[in-house]
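S.K.: Dropping the structure in here first, questions after.
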Amino acid sequence: MPPSGLDVLFQGTNFLRLLGGLWVAARIALISMALSVLLGVPVGVLMTSRNRVIKAVTRVYLEFVRIMPQLVLLFVFYFYVTMILRVNLSGETSAIIIFTVWGTAELADLVRGAITSIPAHQYETGYALGLTPLQVQMHIVLPQSIRRLIPAAVNLVTRMIKTTSLVVLIGVVEVLKVAQQIIDFNRFTYPTASIWVYAVVFALYFITCYPISLLAKGLEKKWALSSQPSH
Amino acid sequence: MGALVPTVSLKDVVKTYSNGHEALRGVSLDVSRSEVVGIVGPSGCGKSTLLRTVNGLEPIQGGSIALDGEIITVPGTSWPAIRAKVGMVFQKYDLFPHLTVMGNLLLAPTKVAKVSKAEARSRALALLERVGLADRADDLPRQLSGGQQQRVAIVRALMMEPEVLLLDEITASLDPEMVREVLDVVLGLARDGMTMLIVTHEMDFARAIADRIIFMDEGKIVEVAPPSRFFTAPESPRAQQFLNTFTFQEVHHHDE
Ligand SMILES: Nc1ncnc2c1ncn2[C@@H]1O[C@H](COP(=O)(O)OP(=O)(O)OP(=O)(O)O)[C@@H](O)[C@H]1O
Ligand SMILES: [Mg+2]
């Protein structure tokens, strides 16, 4: 019986190495996401501004980051910007910077959407009760915005984790890179290894992202604000 | 004496929206304590705008508005303080969806009037009891029917113990079978002597509850009359025409 490709995974530290690669990917995603939240919330609030200049600048930033494929941003930054600025940044640091630039734009747009989705009559009802504009923001707009924002932001985390697979192309050894190394190393002993290794990588992504996306769905449902009479 | 000072008094109020539309073109109206004024008129005649000027949701461009004899349409007016004394309920059920019924009721008393939570709570429960919703205090708005939500919205306005209540077509977006339960609450308030300005398309209700009917058209008050006269023998042709839209001509079938 020819050796099964699955055995490759239990050789040496192969499986642990894959997990280590997954951790690199998750680390990039989580650090980028944390920074994106920190920067994206204020930028999102700015985006709701009526000031034309602020509106235009934030709009251009968002559109630019959305139109450019993340891979192009990664390449341009990792190979050229670092060269022009004469700085030496690791692939991982470059990836975190680019993902933060991207994540900040996406999160800011989510924040903007969450704030502007609060209907005008919610504000008016607050004012009519005697609340000040600040109290309306604090007790009515903000709590509702956060409930709308968090499920979408959690979804952004899964998008980030998935997009980290690109960083392999700027030399970061994450889960996909480890997988390729294992496959290459065992090319002759286990010719069918690739399918098994990729199946495991697929499973690892799934096991990481699925609970997060379930969490997002659960929060969305729990915090549903719409008024559907239940009778 | 105080009894002679109208609770709400509008003098030649002019409201021009920023697009140049003149929604109120010189409206004068005195509402005395415990009076219920029904405001009717065709769509777009300025009924909502009129109510919204009274609590400052719409700034006015001419004339003046006084509350208990004190002119409030002057620079420097603290609108939050005025609004705490003027309750308003809108057409759309506008409960705060992230708060329970009790949360909705406690927000303004505890944040604006600085009433203690315990005191506000017992007041809320008493009022909920009155509108038949004492058992729904911990529900979220989305768990209530439209009629129940609107009753909570009325209670929320009452929590501030307002001197006057502004009701803007509060049954217009309700299913027909829920209109009655909401109007009954308002009838109860009228009986207790609440001063109210009520905009409504429910003519039978207006007739039953109002001490006076104000008929508006194109930003002006066209006719003021007691309901018994307004609904049976309106004087202005505009009002006659308007009331005709609520009656149907009998259809005669000719089966020949
Ligand atoms: N924010 C606004 N900007 C410009 N015009 C407005 C605004 N709000 C209302 N209007 C206009 O002012 C006029 C009066 O509006 P208002 O809402 O007071 O009418 P209404 O009598 O309450 O009508 P309805 O019975 O349909 O509620 C209408 O012609 C309306 O289009
Ligand atoms: Mg209206």
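The values are calculated or read from the model by the stated rules, or taken from the named source; none is laboratory data. Here the structure is a predicted model, which is why all the values come from computation and not from measurement. In this analysis, Cβ positions are derived from the backbone assuming ideal geometry, glycine residues included, and neighbour counts consider all displayed protein chains. The accessibility values were calculated without ligands, DNA or RNA, using every heavy atom of the protein model including side chains. Shrake-Rupley method; radii C 1.70, N 1.55, O 1.52, S 1.80 Å.
S.K.: Please report the carbon-and-sulfur percent of the accessible area for chain A; probe 1.4 Å, protein heavy atoms only, DNA, RNA and ligands left out.
M.R.: Looking at chain A in its full context, I get 71 percent from C and S.
S.K.: Continuing with the same structure: For segment B:2-243, give the percent of accessible area contributed by carbon and sulfur heavy atoms, probe 1.4 Å, rounded to a whole number. Walk me through the intermediate numbers first.
M.R.: Details: 4910 of 9960 Å².
Answer for segment B:2-243: carbon and sulfur cover 49 percent of the accessible area.
S.K.: Compute the separation of the alpha-carbon centres of segment A:194-212 and segment A:99-124 and state it in Å as a whole number.
M.R.: If we compute the Cα centre of each part, the gap is 32 Å.
S.K.: Let me ask another. Once the convex hull of the alpha carbons of segment A:5-226 is built, what does its volume come to per residue, in cubic angstrom?
M.R.: Numbers: hull volume 31.7 nm³, N = 222.
Convex hull volume per residue, Cα atoms: 143 Å³.
S.K.: Name the trypsin sites (Lys or Arg not before Pro) in segment B:148-256 that are in a loop by DSSP and that have at most 16 other C-beta atoms within 10 Å, would you?
M.R.: Filter output for segment B:148-256: empty list.
S.K.: Calculate the mean, over all residues of peptide B:96-102, of how many other protein chain Cβ atoms lie within 10 angstrom of the residue's Cβ.
M.R.: Numbers: counts 9, 11, 12, 4, 0, 0, 0.
That average works out to 5.
S.K.: Hey, another quick one. At most 16 other Cβ atoms within 10 Å and a DSSP loop assignment: could you name the chymotrypsin sites (Phe, Trp or Tyr not before Pro) in segment A:136-213 that fit?
M.R.: Passing sites in segment A:136-213 are A:F188.
S.K.: Okay, next question. Compute the accessible area per residue over segment B:122-256, keeping the other protein chains in place, probe 1.4 Å, unit Å².
M.R.: That works out to 50 Å² for each residue.
S.K.: Straight-line reach from A:K217: which lysines fall under 25 Å, measuring Cα to Cα and dropping same-chain residues less than 8 apart?
M.R.: Correct list for A:K217: A:K162.
S.K.: Can you give me the Kirkwood hydrodynamic radius for segment B:118-256, using every pair of distinct Cα atoms, in Å to one decimal?
M.R.: Mean inverse Cα-Cα distance, inverted, gives 17.3 Å.
S.K.: I've got another one for you. What pairs in A:K221/B:K92; A:K222/B:K92; A:K177/A:K221; B:K47/B:K85 have C-alpha atoms more than 27 Å from each other?
M.R.: Pairs exceeding 27 Å: A:K177/A:K221.
S.K.: Based on Cβ point charges of +1 for Lys and Arg and -1 for Asp and Glu, what charge dipole magnitude is obtained for the protein assembly as shown about its Cα centre, in debye rounded to the nearest 20?
M.R.: 2100
S.K.: When N is the residue count of the protein assembly as shown, what does its C-alpha Rg come to as a fraction of 2.2 N^0.38 Å?
M.R.: Numbers: Rg = 31.8 Å, N = 487, 2.2 N^0.38 = 23.1 Å.
Its radius of gyration relative to the 2.2 N^0.38 Å reference: 1.37.
S.K.: What translational diffusion coefficient, to the nearest whole µm²/s, does segment B:68-159 have by Stokes-Einstein, given a Kirkwood radius computed over alpha-carbon pairs, a temperature of 10 °C and 1.306 mPa s viscosity?
M.R.: The Stokes-Einstein estimate is 114 µm²/s.
S.K.: Find the accessible area per residue for segment A:5-226; the probe is 1.4 Å, ligands and nucleic acids are left out, and the unit is Å². The partial results should precede the final answer.
M.R.: Numbers: 11600 Å² over 222 residues.
For segment A:5-226, the solvent-accessible area averages 52 Å² per residue.
S.K.: To the nearest hundred square angstrom, how large is the accessible surface buried between B and A, total for both chains, probe 1.4 angstrom?
M.R.: Heavy-atom accessible area buried at this interface is about 2300 Å².
S.K.: Something else: Go through segment A:101-128 and flag every residue whose accessible area shrinks by 10 Å² or more with all protein chains in place compared to the isolated chain (probe 1.4 Å).
M.R.: Going by heavy-atom accessible area, the residues of segment A:101-128 that drop by at least 10 Å² are A:H121, A:Q122, A:E124, A:T125, A:Y127, A:A128.
S.K.: Helix-only estimate, please: 222 nm mean residue ellipticity of the protein assembly as shown, summing -39500 (n - 2.57) across DSSP H runs of length 4 or more and dividing by its residues, to the nearest 500.
M.R.: -16500 deg cm²/dmol
S.K.: Amide H to amide H under 5 Å from B:M196: which residues, 5+ apart in sequence or cross-chain, H placed 1.01 Å off N in plane?
M.R.: Result for B:M196 returns B:E35, B:V36, B:V37, B:L165.
S.K.: Kyte-Doolittle mean at least 1.0 and Cα extent at least 20 Å along the axis: which DSSP H helices of chain A qualify?
M.R.: A:14-47, A:193-222
S.K.: To continue, here is another question. What Kirkwood hydrodynamic radius do you get for segment B:2-243 when you take the inverse of the mean 1/r over all pairs of distinct Cα atoms, in Å?
M.R.: Radius from the Kirkwood sum: 18.5 Å.
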